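A.B. asks: This is the structure I want to talk about, given as structure tokens.
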Amino acid sequence: MSVFNRDSDDDVARGARALVVRADVPGPALRDPAARLEEAEGLALAIGIDVVWRESFRVRQIKPATLFGSGQVEQIAAQAEAQGAELVIVDNALSPVQQSNLEKAFGAKVIDRTGLILEIFGERAATNEGRLQVELAHLDYQAGRLVRSWTHLERQRGGFGFLGGPGETQIEADRRMIRDRMAKIRRELDQVTRTRGLHRARRQRAPWPVIALVGYTNAGKSSLFNRMTGADVMAQDMLFATLDPTMRQISLPGLDKAILSDTVGFVSDLPTQLIAAFRATLEEVVHADLIIHVRDISHADTEAQRSDVMQVLHE
């Protein structure tokens, strides 16, 4: 079972006309609302989605059924119809119930911030390890949304013993398939972690320090990495241009050489599923001799971005 089947109901199509909306909920405002909405649009553009309208709504009290107030839901639905949008991106975390209710109200597919980031990572993962990590995170996310997104869930199936008991619903069978697939991926990633550990131990026996570049996505880590190493790592003005860690040796004054590591960029509200799935990759940061935090000081939210990076490193 692959989560990257393009026929899946949960997939996002390139070129889809989309609205980007956000609920500004009560609480301390750590970020500039306009910058946060611009970042959400940037995430959508990163996988070729055509953003035709964006808006931020102040929500005084979160509605358990829809997140937004009824008048706001009607306004977004009217825009979706007027703009011919087939997708609405909500730059918040949605419960399965909220996602289902909003899809009915908007008459369009709805994904939340977590779903969008997972979609980006799914498209960008280049190595086998990266693909495994993203699939694990995607399955974890999908497992709680089976009741919404799968069309055949009400069917029942018979079976013998290991094939499923009589009257087992399809959703139970699907959940079991997802659990089995997740267990298999975790075993494969454990092997990757052991291999990384062996490589790391070999490096630690050598007298060369490891320097890890970390920072918010699009802060300029890969540009700095390329400048320092002469490498050709993808560096674009784009969120999550780099996913898989890259290592190169460099010369430094007073040292024979050092190992420089370019890592995946962080982002606010990074899905917990991704932090867990990318643990093997993030271990490269944890075991580095020196961590360099690359920041875009010109960004309106530079202090909030710093806080987000430090929070992920802490976790």
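A.B. asks: Would you be able to tell me the number of residues in the range 46-83 that are part of a loop (DSSP other than H, G, I, E, B) and within 18 Å of GLN99 (Cβ to Cβ)?
C.D. replies: 8
Matching residues to (1) at pLDDT 90 or above; (2) over 24 Å from ARG145 (Cα atoms); (3) of a type in the set (Phe, Trp, Tyr); (4) surrounded by 19 or more Cβ atoms within 10 Å (Cβ to Cβ):
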site	(1), (2), (3), (4)
ASP50	yes, yes, no, no
TRP53	yes, yes, yes, no
ILE62	yes, no, no, no
ALA78	yes, yes, no, no
GLN83	yes, yes, no, no
VAL90	yes, no, no, yes
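A.B. asks: Could you please tell me which pairs satisfy a Cβ distance under 7 Å, a separation of 6+ or placement on different chains, a first residue in the range 215-229 that is within 25 Å of GLU41 (Cα to Cα), and a second residue that is open to solvent by 60 Å² or more (accessible area, probe 1.4 Å) and at pLDDT below 90?
C.D. replies: ASN218/ASP237; SER222/MET234
A.B. asks: Within the range 76-88, track down each residue that is in contact (Cβ under 8 Å) with a residue 12 or more places away in the chain and out of contact with any Lys or Arg (no Cβ under 8 Å at 6 or more places or on another chain).
C.D. replies: Result: ILE76, ALA77, GLN79, ALA80, GLU81.
A.B. asks: I'd like the full set of residues that are charged (D, E, K, R), within 27 Å of ALA85 (Cα to Cα) and open to solvent by 40 Å² or more (accessible area, probe 1.4 Å), limited to the range 121-147.
C.D. replies: Hits for the range 121-147 are GLU123, ARG124.
A.B. asks: Report, by residue number, each residue of the range 244-277 that is open to solvent by less than 10 Å² (accessible area, probe 1.4 Å) and at pLDDT below 75.
C.D. replies: Hits for the range 244-277 are PRO271, LEU274, ALA277.
Each row is one residue, and each column tells you yes or no for (1) aromatic (Phe, Trp, Tyr); (2) open to solvent by 20 Å² or more (accessible area, probe 1.4 Å).
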site: PHE57; (1), (2): yes, no
site: GLN75; (1), (2): no, yes
site: LEU94; (1), (2): no, no
site: GLN98; (1), (2): no, no
site: ALA108; (1), (2): no, no
site: ILE111; (1), (2): no, no
site: GLU119; (1), (2): no, no
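A.B. asks: Further question on the same structure: Pairs please, first residue from the range 99-112 and assigned to a helix (DSSP H, G or I), second anywhere and acidic (Asp, Glu), Cβ atoms under 7 Å, 6+ apart in sequence or on different chains.
C.D. replies: Listed pairs, sorted by first residue: GLN99/ASP112.
A.B. asks: Another question, then. State which residue is farthest from GLN305 (Cα to Cα) when the search covers only the range 9-34 and only residues that are at pLDDT 85 or above and open to solvent by less than 60 Å² (accessible area, probe 1.4 Å).
C.D. replies: ALA16
A.B. asks: Look through the range 166-218, keep the residues that are in a loop (DSSP other than H, G, I, E, B) and either modelled with pLDDT under 75 or open to solvent by 20 Å² or more (accessible area, probe 1.4 Å) (or both), and return whichever of them is nearest to VAL312 (Cα to Cα).
C.D. replies: Per the stated criteria, the residue is ASN218.
The values are calculated or read from the model by the stated rules, or taken from the named source; none is laboratory data. Quick caveat: nothing in here was measured; it's all calculated off a predicted structure. Cβ sites come from the backbone with ideal geometry, for glycine too, and all protein chains shown count toward neighbours. These area figures cover heavy atoms from the full protein model, side chains too; ligands, DNA and RNA do not enter into them. Shrake-Rupley method; radii C 1.70, N 1.55, O 1.52, S 1.80 Å.
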